[in-house]
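Undergrad: First, the structure itself, so that you have it in front of you.
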Amino acid sequence: MKLAITFRVSPESGVDMETVWEAERLGYDAVWCGEAYGTDAVTPVAWVLAQTKKIKAGTSIMQMPARTPACAAMTAMTLQALSGNRFLCARRRWSFRASIIKSPITGRAPPGSASRCAA
């Protein structure tokens, strides 16, 4: 069984990294962050990935109308590469399926990448 938690971001207090580090220490698989009024999901997830070693971090909700598809794909690919394949990108559509994020330039996933985007 895989365990995960959702963390909230406050513009005043930021991310509760003590909770994230405890989840990583306890062997949780992932932490998730959604977008809400006043904060995005990608920046806190990047912050968490930079300060952890094993736990995966993902965007539980990533508002797609706020980004072009190319921007969202490049952001996901960059975080995936910088985090050692620990970035999880979730976006909401009417159907759910797994897909590989591919480069808009080469049409291929980055080398060594297992980018996951749950739709």
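The values are calculated or read from the model by the stated rules, or taken from the named source; none is laboratory data. Predicted model, so just to flag it, every value in this text is computed and none were measured. We place every Cβ from the backbone using ideal geometry, glycine too, and count neighbours over all the protein chains shown.
Undergrad: Can you pull out the residues in segment 84-105 that are modelled with pLDDT under 90 and within 19 Å of Glu35 (Cα to Cα)? Spell out the reasoning first.
TA: Taking segment 84-105 as the starting set, the residues that turn out to be modelled with pLDDT under 90 are 89-105.
Residues satisfying the conditions are Cys89, Ala90, Arg91, Arg92, Arg93, Trp94.
This table checks each residue for (1) more than 17 Å from Gly84 (Cα to Cα); (2) at pLDDT 95 or above; (3) surrounded by fewer than 12 Cβ atoms within 10 Å (Cβ to Cβ).
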site	(1), (2), (3)
Gly14	yes, no, yes
Val20	yes, yes, no
Arg25	yes, yes, yes
Ala50	no, yes, yes
Ile55	no, yes, no
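Undergrad: From Ala109, Ala81, Ala114, grab the single residue that is surrounded by fewer than 16 Cβ atoms within 10 Å (Cβ to Cβ), outside any strand (DSSP E or B) and at pLDDT 80 or above. Please lay out each step first, then the result.
TA: On the way: Ala109 fails: at pLDDT 80 or above; Ala114 fails: at pLDDT 80 or above.
Sole residue among the options that is surrounded by fewer than 16 Cβ atoms within 10 Å (Cβ to Cβ), outside any strand (DSSP E or B) and at pLDDT 80 or above: Ala81.
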